[in-house]
Amino acid sequence: MAYVAVSGGKEAIGESIRLLDFYRSGTDKDVEVEAVENKLSLLVDRIMSEAGLYSKTYAALALKQCEGSLEEAVFLLRAYRSTLTRNYYTDTVDTGAMRVVRRISAAFKDITGGQILGATYDYTHRLINFDMDGESPAELRRRMTAALSAQAPEEVVPCPRLSDELRKEGLIDSFDEDNRSPRDVTVKMLEFPAGRSARLQTLSRADAGFISGLAYSALRGFGQVHPTVGELRCGYVELYVSYLPDENESIFIGEILITEVECFNAADDKDRLKLAVGYGAVFGRNENKAISMAVIDRELDSGGPYPTQDEEFVLTHGDSLEMNGFISHLKLPHYVTFQSKLDSVRKTRVAGNERKL
Amino acid sequence: MDKKRLTRILAKADRQEVAAMAADILKTYRPVILKEPGKTLAMIKMREPVKQSLFYIGEVIVSEAVVEIDGARGVAVVMGDDSEKTLDMAIIDAAVNKGVFTGMETLLALEKGQNDMVMRENAMHLKTMVSFESMDQEAPDDLNAFKKAQL
């Protein structure tokens, strides 16, 4: 592969960038960042997840800036993030203490702590609601605020993990806490074989479409057969960092919404079977991505001949910035390489014609 | 009140509520700003339950500030980019460390309101707790039935 530097086009490029504003100017109505943040929150969640940066407001602003292009918004967030220092690492997040807003199991009907459907489109009729076109946002907010005020407060009780109960029964392997420092793929490039921390970080940041497609291929037979979602939970986890004047204390910096999944598969355990678990955790409400991550985590653990079981294939092709950047580069001038290809084609055709004569 | 609780209340509070408490301190004290409010990143470290190992899920934007009141340092680190609120939080922290903070009752009232709102939200979500009826008698209804079947 070879590139060639070209010059010129400065004015045309300037006009091209200005023309982007024209494409955003088709109406007097504005897309307010606050509205994007609160009303397109699933899209905002996806962008934060793929950018590896939890910032709802900036994700919404990025979306506005690039006409809703997912990969451009991810690019903008990644680029902005690279301008900031990183002065803190959080204390280890305890997802067991999550304030759950949704929790389901496809493995058991009755689980300790209960199944909480939360807000889900799973049971909606997929019919366009034409009334929403004229919806009053103020009225919607008033109605929901009144509904919230009318609730009798219920104490928040953390839900135990289903896998912990199965682990106590010896049906799932138990491990001691592994406190080795995680690898950070934003600082050190991936190496293979990748450690578990690099794998999970890479998958959590991956393009949702890419890993959903991979997981789908595994379910269709290009991998292990149909894992079961043992537990899917979505909720808020609290973030703490060390308090600088006294390292024995921590301070609360905020809370983030995440989706976490544990998938179960049957696996060999000498002369009997056990349950093997795949894990997924992503920013925001993004269930299919978290499930896909759990499916692929297990696929990579099991190994095998399929793409989903090939660590290098999975981990090097799913980053939104890298994949879209590389595909996008095909639009850049390849004049020299193409001329070379063209010359080769012409020569073979001339040689072919000579042979015919 | 420990730092976790203090900062949880302040971080969840509105900018105006925090500003009002800081304004009370500023009537008497003149804090020295050691670190102007500014944005930085915090990397989020998680423990995954399968192999109990650690990994990074991603970063979050935080604002930080450091001030001093008569030799007592105050620190604030909070998600978002609200410089004024971050500075006010650092001033309150310094006043607490100096032992001159008088807004404890306000803090407790704020905490009560915040907890109440969380519990009301929780109530809305708990209304979606579901009890599925199995239509297949062969299927284990619950975890206990599954455990018995394993024995």
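Between A:SER242, A:SER320, A:SER302, A:SER250, which is in contact (Cβ under 8 Å) with a residue 12 or more places away in the chain, closer than 29 Å to B:THR40 by Cα, small (Gly, Ala, Ser) and out of contact with any Ser or Thr (no Cβ under 9 Å at 6 or more places or on another chain)?
A:SER320
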Open item on the list: A:ASN87 - would you say it is closer than 22 Å to A:LYS39 by Cα, open to solvent by 30 Å² or more (accessible area, probe 1.4 Å) and either polar (S, T, N, Q) or in contact (Cβ under 8 Å) with a residue 12 or more places away in the chain (or both)?
Closed with: no
Task: Of the criteria (1) within 11 Å of another protein chain (Cβ to nearest Cβ); (2) buried (at least 18 other Cβ atoms within 10 Å of the Cβ); (3) among the basic types (Lys, Arg), which one A:ARG272 fails - done: (2)
TODO: Looking for whichever is closer than 22 Å to B:VAL118 by Cα, among the acidic types (Asp, Glu) and modelled with pLDDT of 95 or more here; the options are B:GLU17, B:GLU68, B:GLU48. Which one fits?
DONE: B:GLU17
Task: Options A:GLU50, A:GLU72; residue that is at pLDDT 95 or above and either out of contact with any helix residue (DSSP H, G or I) (no Cβ under 6 Å at 6 or more places or on another chain) or surrounded by fewer than 19 Cβ atoms within 10 Å (Cβ to Cβ) (or both) - done: A:GLU72
- [ ] Answer yes if at least one residue in region B:87-100 is more than 21 Å from B:ARG30 (Cβ to Cβ), facing chain A (nearest Cβ under 9 Å) and crowded, with 22+ Cβ neighbours inside 10 Å, and no otherwise.
- [x] no
Task: Check on B:THR40, open to solvent by less than 40 Å² (accessible area, probe 1.4 Å), in contact (Cβ under 8 Å) with a residue 12 or more places away in the chain, of a type in the set (Ser, Thr, Tyr) and in a helix (DSSP H, G or I) - done: no
Task: Any chance B:GLY80 is within 12 Å of another protein chain (Cβ to nearest Cβ) and at positive phi - done: yes
Task: Single match in A:SER204, A:SER197 (criterion: open to solvent by less than 40 Å² (accessible area, probe 1.4 Å), among the small types (Gly, Ala, Ser), in contact with a Phe, Trp or Tyr (Cβ under 7 Å, 6 or more places away or on another chain) and at the interface with another protein chain (Cβ under 10 Å from one of its Cβ atoms)) - done: A:SER197
Open item on the list: When you scan region A:100-117, do you find a residue that is more than 8 Å from chain B (Cβ to nearest Cβ), within 25 Å of A:VAL185 (Cβ to Cβ) and under 22 Å from the mean Cα position of the chain (by Cα), even just one?
Closed with: no
TODO: Check region A:118-126 and report whether any residue there is surrounded by 15 or more Cβ atoms within 10 Å (Cβ to Cβ) and either assigned to a helix (DSSP H, G or I) or more than 7 Å from every other protein chain (Cβ to nearest Cβ) (or both).
DONE: no
Open item on the list: If I ask for residues that are in a helix (DSSP H, G or I), over 18 Å from A:VAL74 (Cβ atoms) and open to solvent by 50 Å² or more (accessible area, probe 1.4 Å), which ones from region A:303-330 would you list?
Closed with: A:PRO307, A:GLU312, A:PHE313, A:LEU330
- [ ] State which residue is farthest from A:GLY278 (Cα to Cα) when the search covers only region B:50-77 and only residues that are of a type in the set (Val, Ile, Thr) and within 7 Å of chain A (Cβ to nearest Cβ).
- [x] B:VAL75
Open item on the list: Can you say whether A:SER181 is of a type outside the set (D, E, K, R), at the interface with chain B (Cβ under 8 Å from one of its Cβ atoms), in a loop (DSSP other than H, G, I, E, B) and under 28 Å from the mean Cα position of the chain (by Cα), as far as the supplied structure shows?
Closed with: yes
- [ ] Determine which single condition A:LEU232 fails, assuming it passes every other condition in (1) in contact (Cβ under 8 Å) with a residue 24 or more places away in the chain; (2) at the interface with chain B (Cβ under 10 Å from one of its Cβ atoms); (3) under 27 Å from A:LEU53 (Cα atoms).
- [x] (2)
Open item on the list: Checking the structure you have, find out if any residue of region A:152-166 is exposed (fewer than 15 other Cβ atoms within 10 Å of the Cβ), assigned to a loop (DSSP other than H, G, I, E, B), touching a residue at least 24 places away in the same chain (Cβ under 8 Å) and of a type in the set (A, V, I, L, M, F, W, C).
Closed with: yes
Task: Only one of B:MET46, B:MET79 that is among the aliphatic types (A, V, I, L, M), within 18 Å of the chain's Cα centre (by Cα) and open to solvent by less than 10 Å² (accessible area, probe 1.4 Å) - done: B:MET46
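The values are calculated or read from the model by the stated rules, or taken from the named source; none is laboratory data. In this text the structure is predicted, and so the values were computed from the model without any measurement. Here the Cβ is made from the backbone with ideal geometry for all residues, glycine too, and neighbour counts use every protein chain on show. With ligands, DNA and RNA removed, areas are computed over all heavy atoms of the protein, side chains included. Shrake-Rupley method; radii C 1.70, N 1.55, O 1.52, S 1.80 Å.
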